[in-house]
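Student: First the structure, then my questions, so here it is.
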Amino acid sequence: MHPLALAGLALAAFAAMEGVAWLAHRYVMHGIGWAWHQSHHAPRQGLLERNDWYAVLGVVAAIGLFLLAGRLESPALRAIATGITAYGLVYSLVHDGLVHQRWPLLRWTPRGGYLQRLVQAHRLHHAVRTREGAVAFGFLVVPDPRRLAAQLRARRGAPPA
Ligand SMILES: [Zn+2]
Ligand SMILES: [Zn+2]
């Protein structure tokens with residue numbers, strides 16, 4: 001496979017991960033997997049939270065993909081695994097670092113632009129501490145925080161479904 005095609009494949013895998021992350025967050029973490037994710041919507045006790053098991057699962061899955069790519073001698077699968085791993089790294093840096101300030105060397109809050117909107121949108125996701133009723137399940141694709149806030153206000157005003 002041409003190196004450019006491999007790079008394209010890695011980029012496509014990176015982009016697709018935003019959709020995978022949205023689906024997993026919306027339907028697994030706020031669904032059947034709420035028991036782990038709940039800890040991420042509550043004030044943190046100590047350094048770790050149960051929700052970190054999702055990161056462990058992600059790392060194990062990525063390592064598994066690289067091992068499989070090696071076994072199959074498939075550069076294409078290795079490119080996909082690289083894109084997925086890159087998304088995981090960016091997610092960890094931005095979500096755990098920038099938004100939740102869990103990385104000691106990344107205590108900086110953006111004061112404008114795309115990154116500020118991203119932080120605001122994710123904070124609005126955390127405005128709801130229950131399994132139901134949250135907004136903004138994606139991450140790098142950022143909806144307008146004003147629209148999210150309006151959505152939250154409308155839900156609070158609405159009678160429970
Ligand atoms: Zn959540
Ligand atoms: Zn969060």
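No value in this document is a laboratory result; all are computed from the given coordinates. Computed from a prediction, not measured in an experiment: that's the story for all the values here. Here the Cβ is made from the backbone with ideal geometry for all residues, glycine too, and neighbour counts use every protein chain on show.
Student: Can you give me the angle between helix 75-91 and the longest principal axis of the chain, using Cα atoms only, in degrees from 0 to 90, rounded to the nearest 10?
Tutor: Here the helix axis deviates by roughly 30 degrees.
Student: Calculate the spin-label point distance for Val60 paired with Trp36, positioning each point 7 Å from the Cα along the beta-carbon direction, and give it in nanometres.
Tutor: 0.8 nm
Student: Determine the gain in length on full extension of the stretch Ser74-Val90; use 0.36 nm per residue of separation and subtract their C-alpha separation, reporting nm with one decimal.
Tutor: Here the answer is 3.3 nm.
Student: While we're looking at this one, here's another question. Rounded to the nearest 10 degrees, what's the angle between the helix 3-23 long axis and the longest principal axis of the chain, both from Cα atoms, 0 to 90?
Tutor: The helix 3-23 is inclined about 30 degrees to the chain.
Student: Ignoring trypsin sites (Lys or Arg not before Pro) that are buried or in helix or strand per DSSP, and keeping those with at most 16 other beta carbon atoms within 10 Å, what is the longest stretch of the chain between them?
Tutor: 51-106
Student: Return one quarter of the surface area of the convex hull spanned by the alpha-carbon atoms of the stretch 1-88, equal to its mean projected area, in nm². Write down the numbers at each step before the final one.
Tutor: Working: hull surface 25.6 nm².
Projected area, direction-averaged: 6.4 nm².
Student: Continuing with the same structure: Taking the alpha-carbon centroid of each part, what is the distance from the stretch 118-161 to the stretch 52-73 in angstrom?
Tutor: Their Cα centres are 31 Å away from one another.
Student: Ok, one more. Would you kindly work out the equivalent ellipsoid of the chain from its C-alpha gyration tensor and give its semi-axes, the square roots of five times the eigenvalues, largest first in whole Å? Working shown, then result.
Tutor: Numbers: eigenvalues 187, 63, 54 Å².
That gives 31, 18, 16 Å for the three semi-axes.
Student: What is the gain in length, in nm to one decimal, between Ala16 and Arg131 on full extension, counting 0.36 nm per residue of separation less the C-alpha to C-alpha distance?
Tutor: Stretched fully, the Ala16-Arg131 segment lengthens by 38.9 nm.
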